[in-house]
Amino acid sequence: MKERGVDPLSTLIVNFEDARLSEVSYADKLFELLKIYKEETGVKGKPYIFLDEIQKVEG
């Protein structure tokens, strides 16, 4: 991604085996997580999002 000029902050990687994300157990919480990510990083537009172990999230 670096070779293509993609800002590392525009990449959100979420591993649902991380205990800190235990509250994100339903799909609607994913949108809250995205909102917080955008607020904290200042990223505009659509980021690259990688979801690991997504089957742990219902809906």
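A short reminder: the numbers here are calculations on the coordinates, not readings from a lab. Everything numeric in this text was worked out from a predicted model, so none of it was measured. All Cβ positions, even for glycine, are placed from backbone atoms using ideal geometry, and neighbour counts span all protein chains on display.
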- Calculated FRET efficiency, Glu40 and Arg4, Cβ-Cβ r, R0 22 Å, to nearest 0.05? 0.40
- Task: Work out the charge dipole of the chain with +1 on the Cβ of Lys and Arg and -1 on the Cβ of Asp and Glu about the Cα centre, then indicate which of Ala19, Gly5, Phe31 is farthest towards its positive end.
- Result: Gly5
- Quick P(r) readout (the chain; Cα-Cα; 5 Å bins; whole %) gives 4, 17, 28, 22, 17, 9, 3, 0
- Query: Taking H as built 1.01 Å from N, whose amide H comes closer than 5 Å to the amide H of Ile49, not counting residues under 5 places away?
  - Reply: Leu12
- lysines within cross-link reach of Lys44: Cα-Cα under 23 Å, excluding same-chain residues under 8 positions apart? Lys2, Lys29, Lys35
